[in-house]
Amino acid sequence: MGNYTSSSTTGGSGTSCVQYVQEVVSQNCVVIFSKTTCPYCKMAKNVFSEIGATYKVIELDEHSDGRRLQEALAQVTGARTVPRVFINGNCIGGGSDTKQLHQQGKLVPLIEQCAPCCAATGSEGSGSGRFESAK
Ligand SMILES: N[C@@H](CCC(=O)N[C@@H](CS)C(=O)NCC(=O)O)C(=O)O
Ligand code: FES
């Protein structure tokens, strides 16, 4: 009956989700918040695969807190769509933004700004990829 106690959806735990997002994006050069079934997300992953960058993917539809994480992403980035792509702690946007940045040649430089251990450095080809698969 008197159901007026229903607290705001996350019951105050929204902050910790935001903190989780900030932690993950600060610890990984490239982070994609994604959904497994989403073509836009695949597009974003493909772009990073193409340039040989190591990236971390968090599949929101497989994550127990996925919905709350998506809310947190909305707070952090201003959009609750997937994918949300982060480089070096900054959100560069979604799938189409990622692709566009790559087409403009701006994506690789952004990745190169990350700590050398996890960035795809070096020019294309010649098989001497010197980015380590950092865990
Ligand atoms: N142009 C955007 C489109 C992103 C988009 O519209 N994503 C949809 C799913 S494909 C979305 O997240 N909708 C809101 C939701 O799923 O909560 C991009 O490339 O990232
Ligand atoms: S197509 Fe549905 S989540 Fe992107």
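Here, each number is a calculation from the coordinates, and none is a lab measurement. For clarity, every value in this text was computed on a predicted model and none was experimentally measured. Ideal geometry is used to build each Cβ from the backbone, glycine not excepted, and the neighbour counts take in all protein chains shown.
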Next on the checklist: List the residue pairs whose Cβ atoms are under 9 Å apart, where the first residue sits in region 94-107 and is without any contact (Cβ under 8 Å) to a residue 12 or more places away in the chain, the second is of a type in the set (Gly, Ala, Ser), and the two are 6 or more positions apart or on different chains.
Outcome noted: 100/93; 101/93
Next on the checklist: Looking only at region 68-116, filter to residues that are among the basic types (Lys, Arg) and under 15 Å from the mean Cα position of the chain (by Cα); which one of those is farthest from residue 48 (Cα to Cα)?
Outcome noted: 80
Checklist entry - Out of (1) in contact (Cβ under 8 Å) with a residue 40 or more places away in the chain; (2) more than 20 Å from residue 23 (Cα to Cα), the odd one out for residue 83 is which? => result (2)
Checklist entry - Are any residues in region 76-90 within 16 Å of ligand 2 (Cβ to nearest atom) and part of a loop (DSSP other than H, G, I, E, B), and if so, which ones? => result 79, 80, 81, 82, 83
